[in-house]
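To start, the structure itself, in structure tokens.
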Amino acid sequence: MALFRVLIVEDSVTAQQMLKEMIESDPDIEVIGIASNGKEGVEKTLELKPDLVTMDLMMPVMSGQEAIDQIMQQCARPILVISSNNDSKVAFDACSRGALDVFPKDDLDPDKCEKLTSRIRLLAKVRVIGHIRPKTTVKPQVIGNHRDAKVIAIACSTGGPKALSQMLPHLPENFPHPIVIAQHIEDGFTDGLVEWLNQVCPQKLELGKQGTRLAANTIYISPSEKNMKVGLGGVIEFEERSEKDRYAPNCDVLLNSVAQNYGPKSVGVILTGMATDGVAGMKNIRDKGGQTIAQDESSSVVYGMNRQAIETGCIDKVLPIEEIGQYLAKL
């Protein structure tokens, strides 16, 4: 008997077949059903109760986004969005509705079976709860004078887009501290993440670029293709990805650079996600006299990298995701 049971929701017959073949290349994973639209996907989820649902977004009868809403309300299950990077903004909206992660349609290739099946194995183990859409109507406060500016570095992985959309709206409209973010993400999807988060954030949010000097009230997100870091004078720099980088971009590279150049004026935040990337960087920030904050277990999609950081003893505060935003607003 298979360890993991998967439902495919996809309107393209070609994509259905490719997904089934790729998923079942792992003998521990079984495709127990295929749905051709969102409505059928909801019905089969209720009937079959799969361990994980793969979800297309652009479908007839009912869209993937609406199907995710209904599944999370009626029969919460781990959901992996299968999306083109042309739809990346929509894909991250799906994450805010309860999907755990996004897998590129361009990677539906027999040579990339292990990439897909390893993702399914990890996500199928995630405990999900009935979903309540995050509040995006927070009215951030306007602050006046502030103390010396700090640099806030955020590390996040699976569940990160949703967490960021819950945390960042709590920051004030003229927030004095620049923020840099390393979010594990597939190549080609970062522009969509930036565009989507700009809809809910009161600050200016942009993709990090070589030579840009950090500015107050601005959030910089690392592209996935290279590892972003902050150099002397608050200037954004990049280094090539290493073969050792299991996920991209590398969170430790960013956090370590902020610790090195800002010391006690650095603030590290580690959010939901798998593996241990970011843990060493958080410890470095703490060792250099900076502040460290971790997302708590109850508000995390995956209590992994943040749990590892907490267990090392390098975290000053452990808070629910929305309280992290409220705490940062007072810095």
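All other residues whose Cβ lies under 12 angstrom from that of D51 are scored, Lys and Arg at +1 and Asp and Glu at -1, for a net of +4. Angle of helix 88-97 to the longest C-alpha principal axis of the chain, folded into 0 to 90 degrees and rounded to 10: 90°.
If R0 is taken as 56 Å, the Cβ-Cβ distance between N217 and A2 corresponds to a FRET efficiency of 0.65.
Here r is the Cβ-Cβ distance between D109 and Q326 and R0 is 35 Å; the resulting FRET efficiency, rounded to 0.05, is 0.20. A crude spin-label estimate for the pair K209 and E21, with each label 7 Å from Cα along the Cβ direction, gives 4.2 nm. Calculated on the Cα set of segment 218-285, radius of gyration then Dmax: 11.5, 32 Å. Relative to the current alpha-carbon distance between D287 and V235, full extension at 0.36 nm per residue lengthens the span by 16.5 nm.
Remark: the S118-Q199 segment gains 26.0 nm on full extension, using 0.36 nm per residue and subtracting the alpha carbon distance. Measuring nothing but how far apart in sequence close Cα pairs (under 8 Å, 6+ apart) lie, relative to its length, the chain scores a relative contact order of 13 percent. Between I23, I68, I270, the GNM of the chain built on Cα springs shorter than 10 angstrom shows I23 fluctuating the most.
Note on K209: aspartates and glutamates with a C-alpha under 17 Å away, same-chain residues under 8 apart excluded, are D187, D191, E195, E225, E237, E239, E240. Note on segment 4-123: dipole from Cβ charges, positive end direction compared against F92, M55, A76; the farthest Cα belongs to A76. For the chain, a crude dipole built from +1 on the beta carbon of Lys and Arg and -1 on the beta carbon of Asp and Glu, taken about the Cα centre, is about 1380 debye to the nearest 20. Per-residue extension of 0.36 nm, minus the Cα-Cα distance of T312 and S242, leaves a gain of 22.7 nm for this segment. Between T212 and I236, the built amide H atoms are under 5 Å apart, and every one of these is 5 or more places off in sequence or on another chain.
Note on segment 1-62: dipole from Cβ charges, positive end direction compared against I34, T14, T45; the farthest Cα belongs to T45.
For the residue pairs K125/K226; K89/K150; K115/K283; K150/K288; K265/K330, the alpha carbons lie more than 18 Å apart in K125/K226; K89/K150; K115/K283.
Each reported figure results from applying straightforward, stated rules to the coordinates on display, with no laboratory input. Not measured: the values here are computed from a predicted model. With ideal geometry, Cβ positions are generated from the backbone for all residues, glycine too; neighbour counts draw on all protein chains shown.
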